[in-house]
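First comes the structure, then the notes that go with it.
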Amino acid sequence: RVPARLPLHQWRYVLKAYGFLPITFLRRVVFGSDPYWRQYFWSRWGYVPKEVREAVQGRRVLWIDALSGGEVTQAATFCRKLREMLPTWVLVLSTNTRYSYEFARANLSVDWVIDAPRDCRGSVRRALASLCPRALICVENLVSPVLVQEAKRRGITTVVVSGLMSKEIHHH
């Protein structure tokens, strides 16, 4: 059951994300010259790149969410095995740092690497609507409760692998 209200720690996250939106828009999109950071801004707000949206349209998609370098590195063998088991599926991996993004593109057996959407309802819903995944695999600590909740709400099979559970797990 998805809670109707956001817990206090999620409100802080959402307020911070929206509070910095104008600054990051100016810095990354308006005045930024690096194409990666420009796309990073849009991806973080749930706007999946056009070439990815077109490539996944009408196909079975498995979304792997591995946020930091450690999770991406440990997912290398896992992604290779998934590719062998699901050769016709489109594997999309999301991460949230440039290092992880570049490492995943160079070393993982996935079709696409994208920057993970912010864990806000609007961003997550846009990304889910664009990718239409059949399954979501989170390789991480449970730091994306909204993504998991929205996937559950849409009936998407969700699996957490290599997750760290703490005494605060009930918040997620």
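The values are calculated or read from the model by the stated rules, or taken from the named source; none is laboratory data. Not measured: the values here are computed from a predicted model. Every residue, glycine among them, receives a Cβ derived from its backbone with ideal geometry; neighbour counts consider all protein chains shown. All accessible areas refer to the heavy atoms of the entire protein, side chains included, with ligands and DNA or RNA removed. Shrake-Rupley method; radii C 1.70, N 1.55, O 1.52, S 1.80 Å.
Observations, loosely collected:
- Spacing of the two label points (7 Å from each Cα toward its C-beta) at Ile23 and Tyr47, in nm: 2.1 nm
- Dipole orientation for the chain: of the candidates Ala116, Gly70, Ser130, Ser130 has the Cα lying most toward the positive pole (charges on Cβ; Lys, Arg +1; Asp, Glu -1).
- Point-charge dipole on Cβ atoms (K/R +1, D/E -1) for the chain, about Cα centre, debye to 20: 560 debye
- Choice from Ser33, Ser144, Ser94 with maximal GNM fluctuation in the chain (Cα, 10 Å cutoff): Ser33
- Selection from Pro49, Thr88, Tyr36 lying farthest towards where the dipole of the stretch 32-116 points positive, charges on Cβ: Thr88
- When the stretch 24-103 is reduced to its Cα atoms, the Kirkwood hydrodynamic radius in Å: 14.0 Å
- Mean separation of Cα pairs under 8 Å and 6 or more residues apart, divided by the residue count, gives the stretch 49-169 a relative contact order of 27 percent.
- Carbon + sulfur, % of accessible area of the chain - ligands and nucleic acids excluded, 1.4 Å: 57 percent
- When both bridge partners sit in the chain, DSSP labels roughly 0% of those beta bridges antiparallel.
- Between the entries [x] 68, 48, 23; [y] 41, 37, 29; [z] 43, 42, 31, the label attached to Cα extents along the principal axes in Å calculated for this structure is [z].
- Remark on Thr158: its backbone amide H falls under 5 Å from those of Leu136, a criterion applied only to residues 5 or more positions apart or on other chains, H modelled at 1.01 Å from N.
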